[in-house]
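Just so it is clear, none of the values below were taken in a lab; they were calculated from the coordinates. A quick note: this is a predicted structure, and the numbers were derived from the prediction, not measured. With ideal geometry, Cβ positions are generated from the backbone for all residues, glycine too; neighbour counts draw on all protein chains shown.
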Amino acid sequence: MPLLEHQLRKAGAAGIRRVVFATSYRAAMFTEAFGDGSRFGLELVYVTEDEPLGTAGAIRNAAAELTCDDDSPVVVLNGDILSGHDLVSQVAMHEKSDAAVTMHLTLVDDARRYGAVPTTSEGKVIEFVEKSPKPPTNQVNAGCYVFRRSAIDAIPTGRVVSVEYETFPQLLASGETIMGYVEGAYWLDVGTPAAFVQGSCDLVLGRMESPAVRPGGGVLFLNGSVVAPEAAVSGGTTVGAGAVVESGATVESSVLFDGAVVERGARVSRSVLGRGARICAGAVVSDAVIGDGAMVGPGNELRDGLRLWPGVQLPETAVRFSSDV
């Protein structure tokens, strides 16, 4: 999981030594991947929500595992954001300004899809403008916050709470200072399959520098992966542990999770193959997501955002996007 590993290693590089990993589902998947955090130089603690509590509710729920005092800075990193910004400088701004929260703000060409955050010349946040056809600025919420611990403790418990719609506006209304740390470094919201693939490839290709990945050769081979000499694998592809790419297969700019198999002559591009997924000989998968344990039979052609659910066994030549056989 290079994207989440990037977040953990970034936290460690910023001097953080205890990380509370908050999740609302499949916690075992993360504990299996990251363990107790010792290999990252961290103490990693897991907190699972019985029901999703929203962006602020999740932070408040995880705060039960914090050990710092009321005035200490607490860094919150969203797991679906890939960022190369300077976290140390963001924390420094927070401590210098004695803010309740310091947000990372990134610059985008079109802010209509995001929450725009105008600031004063000193960096103080003026207001929060959610998705708007005429945003007042191209500075948008980049999903990395430094909270004063006491501001987290003020978030209500046991219910859904949003930082964007409730916590931040209430802090401003009460006279608290929220700072905006503006930096236009690499930033990507990886909340869609296409963006997830792009982020993974950017890490592998070195377009975004990260301690989680050492670029080299344009492909990341994890332990136990097997790629035949006659296979063509390129474009920032990640080949997971125990995954297999057979002779004559082509894989480009894709993510193959552990145990996935691409058989002889199959072609996979800009796609995600889940754990244990199998692409049979001659099948074509492009811009698609294949779930864990699913099988794409010979002669199938899956394209353009198609998602195959986990465990589905697609028989031979069941789906085609072109007339050629």
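From helices alone, the chain scores -5500 deg cm²/dmol at 222 nm; the rule is -39500 (n - 2.57) for each run of n ≥ 4 DSSP H residues, then divide by the residue total. A Cβ-based charge dipole, computed about the Cα centre of the chain with Lys and Arg at +1 and Asp and Glu at -1, lands at about 440 debye. Stretching Arg113 away from Leu306 to a fully extended chain increases their span by 67.1 nm, per 0.36 nm per residue minus the current alpha-carbon distance. Label reach from Glu209 (point 7 Å along Cα→C-beta): in the stretch 79-119, amide nitrogens under 17 Å belong to 83-90. Under the shape rule built on the C-alpha gyration tensor, where the axes satisfy a ≥ b ≥ c, the stretch 1-146 is prolate, since a/c reaches at least 1.5 and a/b is greater than b/c.
Take the Cα of Glu176, step 7 Å toward its Cβ, do the same at Thr317, and the gap between the two points is 6.4 nm. Between Asp80 and Thr31, the modelled labels are 2.5 nm apart [label points 7 Å from Cα along Cα→Cβ]. Between Ala154 and Thr67, residue separation times 0.36 nm minus the direct Cα-Cα distance comes to 29.7 nm. For the chain, a Kirkwood radius taken over Cα pairs fed into Stokes-Einstein (20 °C, viscosity 1.002 mPa s) yields D = 101 µm²/s. Compute the acute angle (0 to 90°) between the alpha-carbon long axis of helix 193-205 and the principal axis of greatest extent of the alpha-carbon atoms of the chain; round to the nearest 10°. In the chain, helix 193-205 runs at an angle near 90 degrees to the longest axis. For the stretch 182-325, the gyration tensor built on C-alpha atoms gives a prolate shape. Its axis ratio a/c (a ≥ b ≥ c) is at least 1.5, and a/b is the larger of a/b and b/c. Compute the Cα gyration tensor for the stretch 218-287, then decide on rounded, prolate or oblate, letting a ≥ b ≥ c be the square roots of its eigenvalues: rounded whenever a/c is under 1.5, prolate when a/b is larger than b/c in the other cases, and oblate in all that remain. Since a/c stays below 1.5, the shape of the stretch 218-287 is classed as rounded.
Counted over the chain, the DSSP beta bridges are approximately 30% antiparallel. Using a simple spin-label model with pseudo-atoms 7 Å out from Cα toward Cβ, Glu49 and Asp292 lie 2.1 nm apart.
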